[in-house]
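Encoded as structure tokens, here's the structure I'll be asking about.
The values are calculated or read from the model by the stated rules, or taken from the named source; none is laboratory data. Computed from a predicted structure; not experimentally measured. So basically every Cβ, Gly included, is an ideal-geometry build from the backbone, and we count neighbours across all protein chains shown. Side chains are part of the model used for accessible areas, which takes the heavy atoms of the whole protein and leaves out ligands, DNA and RNA. Shrake-Rupley method; radii C 1.70, N 1.55, O 1.52, S 1.80 Å.
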Amino acid sequence: MTRVLHLHPDRLFPADPATRAIARRLYDQVKALPIVSPHGHTDPAWFANNEPFPDPAELLIVPDHYLLRMLYSQGVPLDALGVPTRDGSPFEQDSRAIWRRFASHYSLFRGTPSRMWLDWVFAEVFGLDVRLEAATADLYYDRIDTALKTDAFRPRALFERFGIEVIATTESPLDSLDHHRAIRASGWPGRIITAYRPDPVIDPEQPDFRDNLTRFGAITGEDVSTYAGYLAAHRKRRAFFREMGATSTDHGHPSARTANLPPDEAAALYDRVRGGYAPPADAELFRAQMLTEMAAMSVDDGMVMQLHPSVYRSHNPLVLARFGPNTGGDIPLPGEFVHALKPLLDRFGNDARLTLILFTLDEDTYSRELAPLAGHYPALRLGPPWWFHDSPEAMRRFRERMTETAGFANTVGFNDDTRAFLSIPARHDVARRMDCAFLARLVAEHRLDEDEAQEIARALAYDLAKAAYRL
Ligand SMILES: [Zn+2]
């Protein structure tokens, strides 16, 4: 006895009929706008090679750390979900077995955004109309596996079907960007751009930092044994990334700390961390100094900066040792921005040539720190709710806590921030629905007229992302 899978047209809208009617009207005007995806982690090789995606488990389960963490928390071992082991111990290789295991635990995702995103993929991308559970696991597997082998489900065809206007991937300065080059050379008009993520050559505590610097010197032809040469290498690499479409940089730091050291002190600090064995205080100060250096370069070359601070990566040492990073063991830390950003803001906060987009996993900072900062400094913008907060409830909290101080124009639309390519339209759709729901309440309470809410709904769905990321 299977159960129906049905995406309700009013999902996420207010339950009150008057407000719901307003939300429906607002959403009708924005639901079909093209998708602008200025920050994410899709693989450019998909669009360069346009090969069929692999089987259902390899595509939808194994790389999704949102799914892995929940299943692991309820006793499903990661090796049973096909996550490759680092120690050579066996892991499940049978995709159908992984899929069945996932299906029999799918009820764990009730009430989570993963359930909403996946149900959308099942219904809208693959046309499934029964719910995923143990009894329907094989039906799902066969339907998805068959579809993935057809041309209509290759990466470029899906990109076009999804109405994506532009999508940014994220690459290290050490990446050759060969896939981006190949996409450009292919004549296919899909707009896939890169973004400059220099953490591997900026964070002395990253594994292989010392080797990374050597490769950074080789790839740029600059002498990275001096601070001046190291900064020149960044400038050169950023220019190459811009040739491959980049309009932004992205910085994933343990904190938002910035510094603005005199040049001789910065050079001496670089000498201390270059070997890769810096004391933690030096490593933190170097990352802080480099955020300000990156801001200086952004003022010159126009790249928008994004800062994603304060995550404890790989909190679980057992999982890290056995399965590596990005397997669901990351935990948010408290955020602090007011003191941390001051050195950078003292230098560039009033300079409208810089756009620095701030993200946080600490909602306590929304109304206390981030909205007041972005509601004052011309260089600052607020990134959308990120990662653990890419969810309906957190989107509501974001608007409730940010809007009265920072307005809408100091926010930058939505980021899907994902490598789960098939879920991208679902994620943007959730954001559009939640923004329309928020605006509908303001209209219902006579705080906005509906024509104003309509303009804002469009800006949040489309215009702000293009403007903030200079796309
Ligand atoms: Zn990201």
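Take the residues in segment 399-413 that are touching an Asp or Glu at 6+ places or on another chain (Cβ under 8 Å) and closer than 21 Å to Y462 by Cβ; name whichever of them is surrounded by the fewest Cβ atoms within 10 Å (Cβ to Cβ).
R399
Check T220, T226 and return the single one that is of a type in the set (V, I, T) and open to solvent by 30 Å² or more (accessible area, probe 1.4 Å).
Testing whether each residue is of a type in the set (V, I, T) and open to solvent by 30 Å² or more (accessible area, probe 1.4 Å) leaves just T226.
For segment 315-364, enumerate the residues that are free of Cβ contacts under 8 Å to residues at least 12 places away in the same chain and either over 25 Å from D417 (Cα atoms) or not hydrophobic (A, V, I, L, M, F, W, C) (or both).
Within segment 315-364, P317, L318, H339 qualify.
Quick grid of which residues meet (1) open to solvent by 20 Å² or more (accessible area, probe 1.4 Å); (2) assigned to a helix (DSSP H, G or I); (3) of a type in the set (D, E):
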| residue | (1), (2), (3) |
| --- | --- |
| T2 | yes, no, no |
| L12 | yes, no, no |
| R24 | yes, yes, no |
| D28 | yes, yes, yes |
| P52 | yes, no, no |
| A57 | no, yes, no |
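Still on this structure, please answer the following. Which of the residues spanning segment 78-99 are open to solvent by 20 Å² or more (accessible area, probe 1.4 Å) and under 16 Å from I144 (Cβ atoms)?
Result: D94, R96, A97.
Given the condition more than 22 Å from the chain's Cα centre (by Cα) and open to solvent by 10 Å² or more (accessible area, probe 1.4 Å), answer yes or no: does some residue in segment 353-365 qualify?
Yes: one or more hits.
Given the conditions (1) surrounded by fewer than 18 Cβ atoms within 10 Å (Cβ to Cβ); (2) more than 18 Å from R427 (Cα to Cα); (3) away from the ligand (no atom under 16 Å from the Cβ), and given that H179 satisfies all but one, which numbered condition is not satisfied?
(1)
Moving on. Search segment 129-154 for residues being of a type in the set (S, T, N, Q) and outside any loop (DSSP other than H, G, I, E, B), and hand back the single one that is least open to solvent (accessible area, probe 1.4 Å).
T136
Yes or no, residue by residue, for (1) farther than 30 Å from T150 by Cβ; (2) more than 22 Å from the chain's Cα centre (by Cα):
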| site | (1), (2) |
| --- | --- |
| P34 | no, no |
| E51 | no, yes |
| L60 | no, no |
| H65 | no, no |
| M70 | yes, no |
| G75 | yes, yes |
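Given the criteria buried (at least 24 other Cβ atoms within 10 Å of the Cβ) and either among the acidic types (D, E) or touching a Gly at 6+ places or on another chain (Cβ under 9 Å) (or both), does D346 qualify?
no
Still on this structure: Tell me, which residue of segment 242-255 that is within 16 Å of the ligand (Cβ to nearest atom) and in contact (Cβ under 8 Å) with a residue 60 or more places away in the chain is surrounded by the fewest Cβ atoms within 10 Å (Cβ to Cβ)?
So the residue we want is P254.
Just for segment 417-456: of the residues that are β-branched (V, I, T) and within 18 Å of the chain's Cα centre (by Cα), which one is nearest to the ligand (Cβ to nearest atom)?
Within segment 417-456, the match that is nearest to the ligand (Cβ to nearest atom) is T418.
Please name all residue pairs, on different chains or six or more residues apart, with Cβ atoms under 9 Å, provided the first residue is in segment 84-96 and is over 9 Å from R322 (Cα atoms) and the second residue is of a type in the set (S, T, N, Q).
Here the result reads F91/T85, each pair linking segment 84-96 to a residue that is of a type in the set (S, T, N, Q).
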